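A short write-up of the structure that comes next.
Read-outs: derived from the displayed coordinates by stated rules, not from any lab. Since we're looking at a predicted model, the values are computed, not measured. When we count neighbours, we look across all protein chains shown, and the Cβ atoms used for this are built from the backbone with ideal geometry, even at glycine.
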Amino acid sequence: MVYDFHTHSSLSDGSLSPIELIRRAHKRGYKAIGVTDHVGAGYLDRIIKEVAQDCALAREHWDILAIPGVELTHIPPAAICETARRAKELGAWLVVVHGESIVEPVEEGTNAAALQCPHVDILAHPGLLTLEEAQLAAANGVFLEISARKGHSLTNGHVCQLAILTGAKLLLNSDAHEPSDLLHPKIAHQITQGAGLTEEQSAEVLTANARALLGILPLPTQS
């Protein structure tokens, strides 16, 4: 059983259409998948509408919870919360913010802006997260990502240490762009172990925290 709340389709920089991405995740044994393409302020409406239609179709015919979402990417920190609010109003169930990964030129202040916004659910690959930022995540209920993606994963251990220290909740996500990036239970467990988590902590991240996030999303009653 796999929960994965951060993936990309061909609507941004992934290789598969949203419906094929969901289908391949379904065949991998996914329980839930968030389709969270990169967005800016100018094309939120189009991306959310297209993803939501494919997610609804998948939920109707396959036993997988397909979640329409977005990843706010390289948004100026001062505009993050308003853009996240608009995304939710337009139909995104899930808002991920592209955090301050050490392998991309994300503007300083992005992590803090995301963690203070009530419309943000996940801070993806937050890089060299500070103690104060981890405390904000814990206080405001924003999930911190353990990333399976090359490059972004370099700071997983650091993020996990601060999350454990502060009580912030962690999630493992694939940040998939290709079919081969999709997770399966064995690799998911190995990535959490590699980040320094115990068996008990790993189980919490992979199952309990994933279900906790599902508990706050606006899921349809039939799902």
If each DSSP helix of 4+ residues adds -39,500 (n - 2.57) and the sum is divided by the residues in the chain, what number results at 222 nm, nearest 500 deg cm²/dmol? -11500 deg cm²/dmol
I'd like the FRET efficiency for residue 62 and residue 190, computed as 1/(1 + (r/R0)^6) with the beta carbon distance as r and R0 of 30 Å, rounded to 0.05. 0.65
Residue among 213, 57, 183 with the largest mean-square fluctuation in a Gaussian network model of the chain, springs linking Cα atoms under 10 Å: 57
Treating only the Cβ of Lys, Arg, Asp and Glu as charged (+1, +1, -1, -1), what charge dipole size does the range 2-214 show about its Cα centre? Round to the nearest 20 debye. 560 debye
Between residue 161 and residue 200, with labels modelled 7 Å along Cα→Cβ, what's the label distance in nm to one decimal, could you check? 2.1 nm
Write out the trypsin sites (Lys or Arg not before Pro) in the range 142-201 meeting two conditions: DSSP loop, and at most 15 other Cβ atoms within 10 Å of their Cβ. 150
Efficiency by 1/(1 + (r/R0)^6): what FRET value for residue 154 and residue 24, r their Cβ-Cβ distance, R0 = 22 Å, to the nearest 0.05? 0.25
Enumerate the residues in the range 105-124 having an amide nitrogen under 20 Å from the point lying 7 Å beyond the Cα of residue 82 toward its Cβ. 107-121
Mind giving me the nanometre distance, one decimal, between the label points for residue 17 and residue 207, set 7 Å out from Cα along Cα→Cβ? 3.6 nm
Note on the chain: contact order normalised by length, alpha-carbon pairs under 8 Å, 6 or more apart, percent, works out to 19 percent
Could you list 17, 9 in order of exposure, starting from the residue whose Cβ has the fewest other Cβ atoms within 10 Å? 17, 9
Taking residue 27 as the anchor, which lysines have their alpha carbon closer than 17 Å to its alpha carbon, excluding any fewer than eight residues away along the same chain? 186
Among 154, 40, 19, whose Cα lies farthest out toward the positive end of the dipole of the chain, if unit charges sit on the beta carbon of Lys, Arg (+1) and Asp, Glu (-1)? 19
Qualifying trypsin sites (Lys or Arg not before Pro) in the range 36-68, DSSP loop, other Cβ atoms within 10 Å at most 10: none
Mind pulling up the Rg/Rh value for the chain? Radius of gyration and Kirkwood radius, both on Cα. 0.93
